[in-house]
1. Provide the gained length on full extension for the span Val159 to Ser279, in nm with one decimal, where the gain is 0.36 nm per separating residue minus the Cα-Cα distance.
2. Averaged per residue, what accessible surface does segment 92-171 expose to a 1.4 Å probe, in Å²?
3. For segment 1-139, what relative contact order do you get, as a whole percent, if you take Cα pairs closer than 8 Å and at least 6 residues apart?
4. Can you tell me the relative contact order of the chain? Whole percent, Cα pairs under 8 Å, sequence separation 6 or more.
5. For segment 149-160, take each phi angle, set θ = phi - 60°, evaluate the Karplus expression 6.51 cos²θ - 1.76 cosθ + 1.60, and give the result in whole Hz per residue in order, putting x for glycine and proline.
6. In nanometres, what is the gap between the two model label sites at Asp345 and Glu481, each 7 Å from Cα along Cα-to-Cβ?
7. How much accessible area per residue does segment 24-70 have, in Å², with a 1.4 Å probe?
8. Please list, in order along segment 47-54, the HN-Hα scalar couplings obtained from phi with the Karplus expression 6.51 cos²θ - 1.76 cosθ + 1.60 (θ = phi - 60°), rounded to whole Hz, x for Gly and Pro.
Amino acid sequence: MSSASLASGTYEVLRTRLRESATELRSRFAKLNAARSAVFGNVETRLMATMHVTTDHNCIPRDIYSTKNRVLLGYNVQFGLKTEITPKDVLSVYRFDGEHAHQESLDSLLSPQFQRDFQELYRYYRNATFSRFLSTGPNLYMVFQIGKTASNIKAFKWVVKDEVLQYIDNRRESAVRQHPKHEFPWKRATRDHHRQGTHPHISIEDQVFVECVNGDLTIKVEDNTEDGLGIYREPVDSPDQTLDDAETFYAILGNLILLKIRPYQERDYRYLVFSTKRSTVERLDSIGQSCVLLPNDHGIIFPNGFVLQTGQSKLFDHKLANLQFDRMIRSPNGEDFLYLFFNQDDGVYLQLRYNLIRQEVDTPLVCHGQAFFENGQMLSMRAGEAAQKHHAIQVWQTPFTGTDFQPTVQSETLLFKIGNRDLVRGMAECQELLTLIDKDESYADLYADLGKRSTNILDAYFWIDREEAFKLSEPIQQIREAANAAIDEFEKVTRVRNETAAALESTEKQTTELLKTVERTRFEKVEDFVQQLASMRT
């Protein structure tokens, strides 16, 4: 048997061993996850009911806020000829019993100072409208839009103690600040990054190469200025631009390289994500609205999707625009993260829930405000286009409980002593390992990554080899051994494949030349036929 056949056979045996170990790891992983849920009483997000609240006037709800057992609803009413707007025309209070909301008097909020400031607001700004509630620590801000743009605001500050809202003042516009659009810095590509040649390009730290000349935007993975071909290409408006004319920024986030490019004489930036592991490029302009980092360096999340460090991505077609990151809510179990994006103009919120273990974002939820309670219940409201008195509010059960909430746990077990967050981190890394095993050979440094991650998991978690953790260490050790052995075998297989491809390419070229020669030859003697037949046979 040839050495090539032996290398290929050994490599396939190792691949089979990896898949078998991955199957065993998935089985034990599922058992550990079930045991963990039983110990800590983990809660999944689910819709419990839909209730209705009633306001005194036809209105369009804008936002909701919750204290201990009360809900504050903010809205806007069109009164026409009414000359004076009072707090009762903008706010309503309800007591929530877990299933229904019962309207209560607003008098507890109506301090003399608040009423004076509120009346002055609507007296001096005739077109003032309620915009949103903003909670930061113990403080609550009622934000009103007083001009044509959403950034022209007036903010009333309250201090929240249990269910009591104590009014402070109305000079708090500076406290209502937007988060930065991006949670990472952009670097500008300068002349030092330029590589001249027949097809000049910009080198992004020698990892990926960009050009906007000759009529298209091209992304290349080879530092080759003699060849204009790349792995991604799209047209630009101005085909005659030079390398200096386009504005190019970049951010390197682990295995992801984000590109922010504005070709010459174009108004908008183009946003692209390059995966160094998969050598692929995606155009994701939604990143321009807002983009933040996922926990534990898992990747990035933005208004219409997410991209993981492995290059895996998912996009959502929710038709929403101009969304900016508002805040992130972390569940106490360390497993679930809720990312809220907000449109200031129409008050729409987008909820993206990321699960650390599954490494997935659940179906997005669009609403006009959400309110959370200590036991993890969440109220979400979706306002209609027309003003009305009766408003539907959905009641959800979520894992986003308050800091004082005590779930039912089994405190005598080893899993409880380890702690839910540590278990979640370890299981998330096991999930990354399983995801890598499913990758094909085009994934860069696949087996080296598998070996490295396996070693990191085995070294980082003392409980990984315990019976209570279903001895996850055993299949992980098998994965490490098979991955490390596969590195050398894969290099041999790759070398044989490359040599075969080169030989095939050479043979194809020789065959093409021979056929052309045959077409041009004048066969005047028998020897001419014999010579060409011999060449074809060779």
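The values are calculated or read from the model by the stated rules, or taken from the named source; none is laboratory data. Being a predicted model, the structure only gives us computed values, none of them experimental. A quick note on method: Cβ atoms are made from the backbone with ideal geometry, for glycine too, and the neighbour counts reach across all protein chains shown. With ligands, DNA and RNA removed, areas are computed over all heavy atoms of the protein, side chains included. Shrake-Rupley method; radii C 1.70, N 1.55, O 1.52, S 1.80 Å.
1. Answer, rounded to one decimal: 38.1 nm.
2. Value returned for segment 92-171: 52 Å² of accessible area per residue.
3. Numbers: 115 pairs, mean separation 26.3, N = 139.
Reported as a whole number, the value is 19 percent.
4. About 16 percent, as a whole number.
5. With coefficients 6.51, -1.76 and 1.60, one gets 10, 5, 7, 8, 10, 9, 10, 9, 9, 10, 10, 9 Hz.
6. Going from the Asp345 label point to the Glu481 one covers 6.2 nm.
7. With the other protein chains kept in place, segment 24-70 gives 50 Å² per residue.
8. Once θ is set to phi - 60°, the couplings for segment 47-54 become 7, 9, 6, 10, 10, 10, 10, 10 Hz.
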